[in-house]
Each structure stands twice: as C-alpha cells, then as structure tokens.
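First comes the structure, then the notes that go with it.
Every number in this text was worked out from the coordinates using simple rules, so none of it is lab data. Small disclaimer: the values here were computed from a predicted structure and weren't measured. Glycine also receives a Cβ, built like all others from the backbone with ideal geometry; neighbour counts cover every protein chain displayed.
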C-alpha cells in the first residue's frame with residue numbers, strides 16, 4: 001500500500017463519520033415533524049370515527065321513533081333496552097365514541113338548531129307516514145390542546161370548532 005492509497009482510505013473513513021453525524025442531525029430535525037404528522041393522522045381518524053358513530057346513533061334513534069307510536073319524554077341515559085329515541089341514540093353513541101375528555105353526547109327528538117348544539121323543535125306526531133327526526137351532538141376533544149378543534153372546523157365536518165352533530169329522519173311506519 002502506497003502513501004496515496006493510505007491517505008484516500010483515511011479520508012474515506014473521516015467522510016463516512018461526517019455523513020453519519022449529519023444523518024443524526026437531520027433525523028433529530030425531522031423527528032418532531034414526523035411525530036406531529038403521526039398524531040395529526042391519528043386525531044383525524046378519531047374525528048372521522050366519531051362523526052360516523054354520531055350519524056349511526058341518530059339513525060338508531062330515528063328508527064326507534066319510526067316504529068314506536070307512544071308519547072315519551074326524551075332522556076339522555078344509557079340503556080340496553082331504550083324507551084325513547086333519545087335514549088336509543090345516546091346509548092349507541094356513548095358506547096362507541098372515542099373521547100379524551102368528560103364530554104358526553106346529547107340526543108334530542110326534533111331538528112337541531114343552526115349551531116348544532118340543541119333541539120329547535122320537538123315532535124309529537126306519531127301517525128303513520130309522518131317524519132321522525134332525531135338529532136345528536138357531541139363536543140370533540142382531540143389528543144391534546146394542539147389537536148382539539150382544528151380538524152373539524154377546517155373541513156366542514158362540524159358547524160363549530162369541536163362540535164360534531166348528526167340528524168336523521170325516518171318516516172313513521
């Protein structure tokens with residue numbers, strides 16, 4: 001081995017050490033961004049799942065109202081055998097929603113207000129062929145403060161930041 005080959009080999013080892021050091025620095029710079037993107041995707045998935053759960057819960061409540069013909073008070077409590085459309089919707093939603101707070105869904109018999117957070121009118125017409133409307137709303141809280149309300153307000157999934165709602169209408173049988 002001559003002097004030139006030895007010098008080239010020594011230079012090559014030094015260059016590899018510098019490359020390895022720069023890769024560690026690049027990884028350290030990119031890691032927080034990668035973690036942020038991963039949590040953002042997880043948060044969006046939970047948000048979309050909760051929206052689907054609320055939609056199905058409203059359908060369950062409307063289905064209950066469409067096949068029963070008795071007057072009832074609207075209760076928001078869990079029951080394996082619901083006695084009103086609100087209880088049917090609440091029971092479905094409360095066992096399936098993913099939440100990171102103490103927020104619980106609220107169901108109502110009638111149409112939701114324009115802000116999506118309360119019932120505007122209650123119905124009492126249980127005759128055949130009449131529409132039966134059930135609404136449900138829920139305040140979504142994300143994984144952390146950074147993810148709480150941004151997803152739903154940016155895409156139109158909810159009508160206010162953090163508030164998810166769904167309404168379903170079925171014709172009384």
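The table below lists the values:
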{"read-out": "Exposure proxy ranking, count of Cβ atoms within 10 Å, fewest first, for 97, 49, 164", "value": "49, 97, 164"}
{"read-out": "Whole-angstrom gap from region 77-99 to region 24-56, using each part's C-alpha centre", "value": "28 Å"}
{"read-out": "Extension reserve of the residue 96-residue 113 stretch, reckoned as 0.36 nm per residue once the Cα distance is removed", "value": "3.7 nm"}
